[in-house]
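Chemist: Sending over a structure as structure tokens; questions will come in a sec.
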Amino acid sequence: GQCDAVVEAEKAVIFFELKSKMLQRKSRAGDDVAALADLAQAVVRPQAQALERHAFLREHGAMTLVLKDVSTNTITLGQREVLKLSITRGDLGSLHDRAFLPRFLQTGCVSEFATVDPTRQADLDSLHEWFRKLKSAATRAGESIFDAHPFSTSWSLSVFHLLLLLEHTHDNESFSQELQRTRRVITPLMDFYAEYEY
């Protein structure tokens, strides 16, 4: 397979999946079907891909990354936690919140979204397909979708959030620590940046 980026730290392996997909104008205007279709590409797809890497690493104990046939690097899982980080080109607002993401991923794994207008049901085919892949990869990775805190090792951040974290980072360990600091960030009253600094 292919992986966008990996950060190795003492207690964690962090898989990055970067997507340029954003909410289209229809989604931002309140079209819920369009919004779900966009979230399929911006959030569900990268999380499914990152979970595939997690599943492979768990099944084999190690994976070798090859960079353009020039260099290789072998990652061994050991006792480390695997974190999955999807990065979007722009800010999705509260859709990045860790209060939203795990529940959204869990919901899509245990049910299917149906449209009021049956002619638009096909618009959600991609969403359901990525949820099926996510559920399969989660099972292989040993992550139960019925846990009290499902998908607790999954993050969704924008490039801007990532840059903020990198301002406080000087190596892999400090990046892992800064990412973990955002584990409880929710933004009902303040934006991510104010909440993070607080």
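Chemist: What number of residues in region 144-156 are out of contact with any strand residue (DSSP E or B) (no Cβ under 6 Å at 6 or more places or on another chain) and touching a residue at least 60 places away in the same chain (Cβ under 8 Å)? Give the derivation first.
Modeler: Residues of region 144-156 that are out of contact with any strand residue (DSSP E or B) (no Cβ under 6 Å at 6 or more places or on another chain), as a first pass: 144-152.
With touching a residue at least 60 places away in the same chain (Cβ under 8 Å) added as a condition, the list becomes 151.
Residues that pass the stated criteria total 1.
Chemist: Then there's this: All but one of (1) within 25 Å of ASP171 (Cβ to Cβ); (2) open to solvent by less than 40 Å² (accessible area, probe 1.4 Å); (3) not aliphatic (A, V, I, L, M) hold for GLU10; state the number of the condition that does not hold.
Modeler: Going through (1) within 25 Å of ASP171 (Cβ to Cβ); (2) open to solvent by less than 40 Å² (accessible area, probe 1.4 Å); (3) not aliphatic (A, V, I, L, M) one by one, GLU10 breaks only (2).
Chemist: Which number in (1) within 27 Å of PHE56 (Cβ to Cβ); (2) surrounded by 13 or more Cβ atoms within 10 Å (Cβ to Cβ); (3) of a type outside the set (Gly, Ala, Ser) marks the one condition that PHE113 misses?
Modeler: Condition (1) is where PHE113 drops out.
Conditions (1) touching an Asp or Glu at 6+ places or on another chain (Cβ under 8 Å); (2) open to solvent by less than 60 Å² (accessible area, probe 1.4 Å), marked per residue:
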residue: SER71; (1), (2): no, yes
residue: LEU77; (1), (2): no, yes
residue: VAL82; (1), (2): no, yes
residue: SER86; (1), (2): yes, yes
residue: ASP91; (1), (2): no, no
residue: ARG98; (1), (2): no, yes
residue: PHE104; (1), (2): no, yes
residue: ASP123; (1), (2): no, no
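Chemist: So, VAL82, is that one part of a strand (DSSP E or B) and farther than 26 Å from ILE145 by Cα or not? Even if it seems obvious, please write down each step before you answer.
Modeler: Numbers: part of a strand (DSSP E or B): yes; farther than 26 Å from ILE145 by Cα: no.
For VAL82, the condition - part of a strand (DSSP E or B) and farther than 26 Å from ILE145 by Cα - is not met.
Chemist: Can you name every residue in region 27-46 that is at pLDDT 90 or above, over 15 Å from the mean Cα position of the chain (by Cα) and part of a helix (DSSP H, G or I)? Spell out how you get there, then give the answer.
Modeler: Within region 27-46, the first condition is being at pLDDT 90 or above, and the residues that meet it are 31-46.
The next check asks that each one be over 15 Å from the mean Cα position of the chain (by Cα); those that pass are 31-37.
Correct list: ASP32, VAL33, ALA34, ALA35, LEU36, ALA37.
Chemist: Could you check HIS60 against (1) open to solvent by 20 Å² or more (accessible area, probe 1.4 Å); (2) in contact with a Leu (Cβ under 8 Å, 6 or more places away or on another chain); (3) at pLDDT 95 or above and say which number it fails?
Modeler: Going through the list (1) open to solvent by 20 Å² or more (accessible area, probe 1.4 Å); (2) in contact with a Leu (Cβ under 8 Å, 6 or more places away or on another chain); (3) at pLDDT 95 or above, HIS60 breaks only (2).
Chemist: I'd like to know if region 130-141 contains one or more residues that are of a type in the set (D, E, K, R) and surrounded by fewer than 13 Cβ atoms within 10 Å (Cβ to Cβ).
Modeler: Within region 130-141, the first condition is being of a type in the set (D, E, K, R), and the residues that meet it are 132-133, 135, 140.
Filter once more, keeping what is surrounded by fewer than 13 Cβ atoms within 10 Å (Cβ to Cβ): none.
Looking for residues that are of a type in the set (D, E, K, R) and surrounded by fewer than 13 Cβ atoms within 10 Å (Cβ to Cβ), one finds none in region 130-141, hence no.
The values are calculated or read from the model by the stated rules, or taken from the named source; none is laboratory data. These numbers were taken from a predicted model, which means no experiment stands behind them. Reconstructed Cβ throughout: ideal geometry from the backbone, glycine too, with neighbour counts over all protein chains shown. Quick note on the areas: whole protein, heavy atoms, side chains included, nothing else; ligands and nucleic acids left out. Shrake-Rupley method; radii C 1.70, N 1.55, O 1.52, S 1.80 Å.
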